[in-house]
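Undergrad: Sending over a structure as structure tokens; questions will come in a sec.
The values are calculated or read from the model by the stated rules, or taken from the named source; none is laboratory data. Here the structure is a predicted model, which means the values were calculated and not measured. When we count neighbours, we look across all protein chains shown, and the Cβ atoms used for this are built from the backbone with ideal geometry, even at glycine. Side chains included, ligands, DNA and RNA excluded: accessible areas come from the protein's heavy atoms. Shrake-Rupley method; radii C 1.70, N 1.55, O 1.52, S 1.80 Å.
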Amino acid sequence: MILNSKHPYIPRWIRGILPGLWLLAVCGSDAQIPPPAFTNCEDIEVCSYGLKNDLVQVDLQAEVTNHCISNPGLYWTTRIDLFSDGTIDQELTQADASGEYPLGIHTITFWAADGCGGVSSCQRVVTVKDCGKPTPICNAVNIDMLPSTGAAEVWATSLEIGGSSDNISAYGNLKILVERLTLLEPGQESPDADAGESVVVTCDDLPPMTIAPIVDVAVWVGDEAGNWEYCVTTIIVENSLCCAPMTASIFTFISNENFEPVGLASVQLSGTPNIYSALVTGNSGVVGFDIFQPGQYIVTAEKTTNPLNGVTSYDLYLLQQHLLGVNPLTSPYKLIAADINNNCEVSISDLLALRKMILEPDNAEFKKNSSWRFVDADYLFPSPLQPCGFPEQIARNIQGNNVVSANFIGIKIGDISGDHSPNQLLESENRIAREVLNFTIPDHQLEAGQVYEIPITANGFSNILGYQYTLDMDPEKVAYIDATPQWADLDRSNFGLAMTPEGKLTTSWNGSGPTTVVDGEVLYTITLRALANGPLSQALHISSSVTPAEAYDAEEALLDIQLRFDGDIANSAGLALDQNEPNPFHDQTRIGFYLPESGQVILTIQDITGRVVYHASGDVASGDHSVALSRSDIPQPGVYYYSVQQDHARQTRRMVVQD
């Protein structure tokens with residue numbers, strides 16, 4: 001190579017000080033020395049996974065073999081041409097062009113000059129390319145196959161819901177293709193040649209005799225840089241009459257608002273042509289109907305049994321809290337449960353109607369409503385606080401071998417607290433009573449033929465939300481005449497008189513909030529005619545024979561109810577009856593009691609109808625005692641009331657027996 005002293009790659013100290021001598025030296029003894037030899041002059045590619053304007057770090061150094069032993073120094077010039085457009089964007093005097101580069105193709109040229117006058121150059125192309133894959137979003141679709149052709153064309157754009165994205169390419173510049181999933185190989189990075197903008201589903205794609213068969217497909221999304229990614233979705237064939245005999249199904253699942261299955265609900269299926277079928281849900285809450293011909297089908301549900309399932313005076317309290325605006329009901333399902341009269345509003349008339357049912361359970365029925373209502377589970381209430389006109393039937397159009405659902409939410413009318421028993425496996429919520437609310441009556445020595453006005457007074461009536469019970473009157477000892485409210489918070493609507501000829505007075509009360517009554521205040525008086533001589537305490541007692549005996553305190557805890565007799569001839573203050581332990585019980589429990597004096601003691605256990613299921617008596621010394629009960633002593637699981645009586649003193653508590 002012949003160079004002159006003005007060559008740009010000759011070091012300035014050589015050109016400026018000894019240009020003639022340097023040229024002679026080049027043409028002399030060192031002229032045969034090879035110039036620097038580049039050892040790495042390959043093009044490189046670097047991936048970018050960021051956005052369009054993000055920079056990527058590129059490591060780029062030039063390396064040469066220097067043959068000039070006598071003067072081993074190297075002199076570098078490096079020129080960077082970004083985007084390879086012929087414009088030098090940066091010039092360096094070093095062999096290192098490392099740095100941050102944008103997306104694109106860039107040309108970097110290195111020149112190396114040695115001390116012997118040799119010059120070499122190396123041009124390297126650096127490609128910073130987009131390697132970020134798109135993010136595909138798939139969408140399953142339902143199709144009907146044409147019976148005439150046995151095929152259906154499904155477009156890739158219908159299987160991608162418009163939410164796919166890429167780090168650089170705009171959505172409109174993305175490519176969307178589809179292919180059958182069975183064609184893909186593990187780790188495949190791009191679509192097959194068979195992938196296209198649509199896929200044709202035929203009978204060959206569907207398993208024979210399959211209801212609602214599906215075809216799995218891969219939806220590919222590609223960007224402008226050629227990066228691909230796929231998502232997997234399904235094509236659901238709702239009408240495959242061309243592929244197999246029709247065997248469709250409609251399944252119905254009924255649950256309450258808490259997603260507990262509702263059993264013993266009658267589900268009816270009707271349709272065209274003339275089709276009618278009815279099935280009853282079991283404890284799973286599910287029924288299924290087989291469909292063998294296309295048509296429009298209607299599914300409805302009903303359940304009319306046990307109108308007082310889960311309904312107590314506590315629901316009256318919740319209803320009144322709503323009416324007063326203290327604790328408004330916000331669930332549309334609870335508002336439907338509170339609309340006893342089924343007139344699309346919750347009012348005082350609903351409270352009165354529900355109380356009447358609690359007081360007269362034998363005649364309990366919803367005059368303008370049903371025990372249960374069923375709402376389409378997919379229905380969204382447009383006005384949740386005014387749930388009126390909701391759908392109570394579900395329509396399904398069946399045209400092929402498809403499986404469809406028609407699900408309901410069951411609402412127990414009147415049960416605002418939600419403690420009903422939805423099926424035979426989930427019993428009503430048993431809140432165990434830990435305390436006792438006492439009502440006190442002065443005892444009397446009755447004389448046959450005489451009329452007595454007996455005051456029932458409060459005792460320990462503190463922060464009570466409500467109560468209900470049945471006052472049992474022995475029809476051989478007394479006859480009912482009247483019940484007269486004395487407490488300002490009671491009126492005659494709080495009493496049920498339908499069964500007083502049989503000796504049973506029911507009562508129910510709830511306040512607008514926690515209520516306290518001074519001990520000794522008369523709540524109401526009951527007027528009786530004595531039919532036989534004897535103490536009043538042997539003629540009256542509280543039970544759950546008609547309306548269950550229970551009360552609720554400010555903590556919404558359940559309380560037992562007891563009737564205490566005070567007076568000259570009988571005083572029950574000395575007799576004490578403990579809660580059985582354990583309670584509830586499976587195998588065995590113990591009942592403890594205290595006797596102030598020795599004498600005969602009677603232990604009785606009654607079911608909620610008042611029927612005596614256990615009776616024991618004997619002479620017992622004064623002091624503490626306990627009686628062991630086995631599961632075999634009780635006929636069946638349920639709620640029972642046990643009483644201990646000594647002379648005219650009597651106390652009663654409640655216990656729960658489980659399997």
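Undergrad: Can you grab the distance from the C-alpha centre of the range 345-400 to the C-alpha centre of the range 55-133, Å, no decimals?
TA: 82 Å
Undergrad: Residues of the range 633-659 with the amide nitrogen closer than 19 Å to a label point 7 Å from the Cα of Asp619, along Cα-to-Cβ, please.
TA: 645-648
Undergrad: Related question: Quick one: of Lys52/Lys175; Lys334/Lys356; Lys303/Lys504; Lys412/Lys504; Lys129/Lys175, which pairs are farther than 26 Å apart, Cα to Cα?
TA: Lys303/Lys504; Lys412/Lys504
Undergrad: For the range 40-120, which whole-number percentage of the solvent-accessible area (1.4 Å probe, protein heavy atoms only) is attributable to carbon and sulfur atoms?
TA: C and S atoms contribute 49 percent here.
Undergrad: Separate question: Give me the extension gain from Ile236 to Leu74: residue separation times 0.36 nm, minus the current Cα-Cα distance, reported in nm with one decimal.
TA: Separation in residues times 0.36 nm, less the Cα-Cα distance, equals 51.2 nm.
Undergrad: Calculate the FRET efficiency for Thr305 and Asp633 from the Cβ-Cβ distance with a Förster distance of 35 Å, rounded to the nearest 0.05.
TA: 0.70
Undergrad: In nm, what is the difference between 0.36 nm times the number of residues separating Glu453 and Tyr171 and their Cα-Cα distance?
TA: 92.7 nm
Undergrad: Let me ask another. Pairs of alpha-carbon atoms within less than 8 angstrom and 6+ residues apart define the contacts here; what relative contact order does the range 55-171 have, in percent?
TA: Relative contact order of the range 55-171: 22 percent.
Undergrad: How far apart, in nanometres, would the label points at Val125 and Thr330 be if each is projected 7 angstrom from Cα along the Cα-to-Cβ direction?
TA: 6.6 nm
Undergrad: Any idea how far the Cα center of the range 278-304 sits from the one of the range 597-651, in Å?
TA: About 49 Å separates the Cα centre of the range 278-304 from the one of the range 597-651.
Undergrad: R0 = 35 Å: FRET efficiency of Asp85 with Thr135, Cβ-based, nearest 0.05?
TA: Given R0 = 35 Å and the Cβ-Cβ separation, E is 0.60.
Undergrad: Which one is right for this structure if P(r) over Cα pairs in 10 Å bins from 0, in percent is calculated from it: (1) 3, 15, 26, 28, 19, 8, 2, 0; (2) 3, 11, 17, 17, 14, 12, 10, 7, 5, 3, 2, 0, 0; (3) 3, 11, 14, 13, 10, 9, 8, 8, 7, 6, 5, 4, 2, 1, 0, 0?
TA: (3)
Undergrad: Measure off, as a whole percent, the carbon and sulfur share of the 1.4 Å-probe accessible area of the range 139-204, all protein chains present.
TA: 51 percent
Undergrad: Let me ask another. Work through the residues other than Gln538 whose Cβ is under 13 Å from its Cβ and net out their charges, Lys, Arg +1 and Asp, Glu -1.
TA: -3
Undergrad: For n ≥ 4 DSSP H runs only, could you compute -39500 (n - 2.57) per run for the chain, divide by its residues and tell me the 222 nm figure to the nearest 500?
TA: -2000 deg cm²/dmol
Undergrad: Test of understanding: what is the full-extension gain from Asp378 to Ser598, defined as 0.36 nm times their sequence separation minus their Cα-Cα distance?
TA: 72.5 nm
Undergrad: Peptides 131-143, 226-238: what's the order by average Cβ count within 10 Å, highest mean first?
TA: The packing order, highest mean first, is 226-238, 131-143.
Undergrad: Points 7 angstrom from Cα along the Cβ direction at Gln293 and Asn142: gap in nanometres?
TA: 2.3 nm
Undergrad: To the nearest Å, what is the center-to-center distance of the range 489-540 and the range 250-272, using C-alpha atoms only?
TA: 42 Å
Undergrad: For the range 542-659, what does the relative contact order come out to in percent, with C-alpha contacts under 8 Å and a separation of six or more?
TA: 30 percent
Undergrad: Let me ask something additional. Using alpha-carbon pairs under 8 Å, 6+ residues apart, how would you state the relative contact order of the chain in percent?
TA: 9 percent
Undergrad: What does the charge add up to near Pro485, with Lys and Arg as +1, Asp and Glu as -1, over the other residues with Cβ less than 10 Å from its Cβ?
TA: Summing Lys and Arg as +1 and Asp and Glu as -1 gives -1.
Undergrad: How many nm is it between the label spots at Glu42 and Asp578, if each spot is 7 Å from the Cα in line with the beta carbon?
TA: 9.0 nm
Undergrad: Would you mind counting up the charge near Asn343? Only other residues with Cβ under 13 Å from its Cβ, with Lys and Arg at +1 and Asp and Glu at -1.
TA: Summing Lys/Arg as +1 and Asp/Glu as -1 gives -1.
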